[in-house]
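Notes for the one structure printed next.
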Amino acid sequence: MRPTIDATPLAHSLPLSSRPAALDPSAPPAASAAHVSATPNVLFVDQSGQLGGAEFALLELAGSCVTRSEVVLLSDGPFRTRLEAIGARVQVMNDARVSGIVRQASGLNCLRVVPGILRQVRAIAQRARAFDVLFLNTQKALVLGALGKPLHRRPVIWYQHDILTREHFGRAQLTVVKWLVRFAVDLVVANSQASANSLAALTGIDVQRVPVIYNGIGAGAFGRFDGTDVAALRRRLGLPEQAWLAGLFGRLAPWKGQHVALDALARLPDAHLVLVGAPLFGEDAYAQRLRDQAAALGIADRVHFAGFQDDVPAWMKAMDVILHTSTEPEPFGRVIVEGMAAVKPVIAAAAGGVTEIVRHGKNGWLVKPGDVAALAEAIGVLRADPSMAQRLATQAQIDAHTEFSMERYVQRMTQAIGQAAR
Ligand code: UDP
């Protein structure tokens with residue numbers, strides 16, 4: 001069950017755990033003139049200059065309110081360029097020492113970067129004072145933005161894109177998140193029920209107090225290729241025209257499970273695998289291991305390393321099936337919904353937020369995470385039965401449009417921001 005709407009303003013002085021639920025995802029958007037005129041000015045903060053799923057989600061949101069918002073990035077990169085291209089105001093506050101904090105940060109690591117952290121906390125707080133709401137989009141942004149609450153005294157929203165467990169994060173990091181969420185965050189919005197459940201388990205907060213807002217995927221970008229000649233598209237992308245192509249999209253990282261897809265491909269004699277994505281956060285050794293693995297399996301001629309691509313809809317349209325192979329629970333999985341919007345059959349690893357998106361045998365196919373034999377078998381089943389694959393893809397497109405539309409995502413987020421600001 002989801003939280004119900006609360007017409008009373010949020011009491012910012014109360015910790016999140018004792019506050020009323022803030023948002024009803026099924027409620028109609030607030031669209032009155034009064035609401036629009038009261039639309040708050042938002043300072044968004046994100047730690048990454050790279051384009052991961054959280055950044056694409058923020059790109060759309062920031063794009064919907066460029067005149068009333070600014071984005072602070074804690075490191076520079078192509079994300080800044082993309083934000084500026086849509087007219088967003090961007091400020092990069094990079095501190096090399098703080099950027100050095102890694103996911104599995106130890107207590108000692110954290111101590112060394114305290115001076116840098118304090119500088120960034122102050123800088124963000126100073127900027128936040130010019131806005132009505134502080135919207136924190138990543139965990140490092142949460143830490144730096146929420147710690148400064150006594151200085152900026154602005155309502156804080158955290159969009160939680162992670163499943164907060166020890167498989168993914170260090171003990172020290174989880175402890176910091178736990179206490180900040182309890183005492184310095186006014187509203188947490190989770191990107192899936194799986195993410196919300198992990199927050200509830202970590203903090204003891206009632207899960208009903210954590211609204212779930214799924215990422216939205218713009219259908220227009222995928223509709224561009226309706227009726228496209230797939231052979232011509234493949235020629236343009238440098239892919240084999242006649243081969244049966246499985247596409248796996250996402251950054252190259254061990255937990256994204258590209259190695260599982262390679263092992264499955266070795267069991268499927270003439271299928272090809274296209275890996276679209278790059279190692280974004282220092283996983284270059286894994287990228288090399290994948291190439292070595294393909295060579296060792298004798299399938300290098302059937303594996304295409306496409307690198308990072310901007311035009312994901314085009315690449316998805318060129319595929320026969322879209323794979324998702326994460327070996328750990330995926331908090332959401334934009335690439336799955338994108339495959340659905342591209343009207344492709346999707347085979348996905350059944351864990352985390354994925355099971356909130358894919359209904360096995362209805363709008364896609366679920367397999368056990370990390371199970372090579374099950375993945376190879378699923379690919380074989382869909383390949384052998386094109387009409388079933390088409391039926392799944394048709395339903396997938398309907399679900400992508402109804403459940404994960406961009407309009408719905410932006411409306412609900414705008415509603416959440418408005419509510420937190422009141
Ligand atoms: N993506 C992209 N180009 C690539 C590979 C991935 O633009 O070459 C995009 C992809 O379309 C998706 C996002 O990166 O929107 C990845 O989001 P997802 O939720 O699947 O994974 P995350 O990065 O959050 O772990």
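Amide H to amide H distances under 5 Å link Val274 with Ala246, Gly247, Leu248, His304, where only residues 5 or more positions off or on other chains count and H is placed in the peptide plane. Each other residue within a Cβ distance under 12 Å of Ala396 adds +1 if Lys or Arg and -1 if Asp or Glu, for a net charge of +1. 222 nm [θ] for the chain, helices only, -39500 (n - 2.57) per DSSP H run of 4+, per residue, to 500? Calculated at 222 nm, the ellipticity per residue is -12500 deg cm²/dmol.
Coupling constants for the stretch 42-48 follow from the phi torsions by the Karplus curve (6.51 cos²θ - 1.76 cosθ + 1.60, θ = phi - 60°), and in residue order they are 10, 9, 8, 10, 9, 7, 10 Hz; glycine and proline get x. Relative contact order of the chain: 16 percent, from C-alpha pairs under 8 Å at least 6 residues apart in sequence. What you get for the stretch 145-281, charging only the Cβ of Lys and Arg (+1) and of Asp and Glu (-1), is a dipole of about 600 debye around the Cα centre. Measuring nothing but how far apart in sequence close Cα pairs (under 8 Å, 6+ apart) lie, relative to its length, the stretch 238-306 scores a relative contact order of 37 percent. Taken about its Cα centre, the stretch 223-375 carries a charge dipole of about 200 debye when Lys and Arg each add +1 at the Cβ and Asp and Glu each add -1 at the Cβ.
Only four residue types carry charge here, +1 at the Cβ of Lys and Arg and -1 at the Cβ of Asp and Glu. Report the dipole size of the chain about the Cα centre in Debye, rounded to the nearest 20. Rounded to the nearest 20 debye, it is 1260 debye. Distance between the 7 Å Cα→Cβ label points at Ala172 and Gln309: 4.1 nm.
Computed with a 1.4 Å probe over protein heavy atoms only, the accessible surface of the stretch 212-259 comes to 40 Å² per residue. Could you give P(r) for the chain, binned at 10 Å from zero, as whole percent values over all Cα-Cα pairs? All Cα pairs considered, the percentages come to 5, 22, 32, 25, 13, 4, 0.
Based on protein heavy atoms only, the stretch 353-421 ends up with 42 Å² per residue of surface accessible to a 1.4 Å probe. Scoring 212-221, 305-314 by mean Cβ neighbours within 10 Å over their residues and listing the highest first yields 212-221, 305-314.
Along the charge dipole of the chain, which of Ala253, Ala130, Thr402 sits closest to the positive end, that is, farthest toward it, with unit charges on the beta carbon of Lys, Arg, Asp and Glu (+1, +1, -1, -1)? The one lying farthest along the dipole's positive direction is Ala130.
Only lysine pairs 8 or more places apart or on separate chains count here, and in the chain those with Cα atoms under 19 Å apart total 6. What is the stretch 120-264 by shape, rounded, prolate or oblate, if you read a ≥ b ≥ c off the alpha carbon gyration tensor as root eigenvalues and call it rounded for a/c under 1.5, prolate for a/b larger than b/c, and oblate otherwise? Since a/c reaches 1.5 and a/b is larger than b/c, the shape of the stretch 120-264 is classed as prolate. Expressed as a whole percent, the accessible area of the stretch 215-331 that falls on carbon and sulfur atoms is 51 (1.4 Å probe). Once both labels are positioned 7 Å from their Cα atoms along Cα-to-Cβ, the gap between Ser387 and Asn94 label points is 5.7 nm.
Under a 10 Å cutoff between Cα atoms, tell me which one of Ala349, Ala378, Ala196 has the largest fluctuation in the Gaussian network model of the chain. With Cα springs under 10 Å in the chain, the top fluctuation among Ala349, Ala378, Ala196 is at Ala378.
When the Cα positions of Pro345, Val210, Asn363 are compared along the charge dipole of the chain, Val210 comes out farthest toward the positive end, with charges on each C-beta of Lys, Arg, Asp and Glu. Each residue of the stretch 351-368 was assigned a 3J(HN,Hα) from its phi angle through the Karplus expression (A = 6.51, B = -1.76, C = 1.60, θ = phi - 60°), giving 7, x, x, 4, 6, 8, 9, 9, 9, 4, x, 10, 10, x, 9, 10, 10, 5 Hz with x at Gly and Pro. Taking the chain as a Gaussian network of alpha-carbon nodes connected by springs under 10 Å, the highest mean-square fluctuation of the residues Met316, Met388, Met340 belongs to Met388. Would you tally the net charge around Ala350, using a Cβ to Cβ cut-off of less than 15 Å, leaving Ala350 out, and scoring K and R as +1, D and E as -1? Every neighbour counted, the sum reads -2. Since only Leu273, Met319, Gln309 are under comparison, the one whose Cα sits farthest along the positive direction of the charge dipole of the chain, derived from C-beta charges on Lys, Arg, Asp and Glu, is Gln309. GNM remark for the chain: springs join alpha carbons under 10 Å apart, and the peak mean-square fluctuation among Pro345, Pro254, Pro331 falls on Pro254.
The values are calculated or read from the model by the stated rules, or taken from the named source; none is laboratory data. Bear in mind that the values here come from a model prediction, so they are computed numbers and not experimental data. Cβ sites come from the backbone with ideal geometry, for glycine too, and all protein chains shown count toward neighbours. Accessible surface is based on the protein model in full, side chains and every heavy atom, while ligands, DNA and RNA are left aside. Shrake-Rupley method; radii C 1.70, N 1.55, O 1.52, S 1.80 Å.
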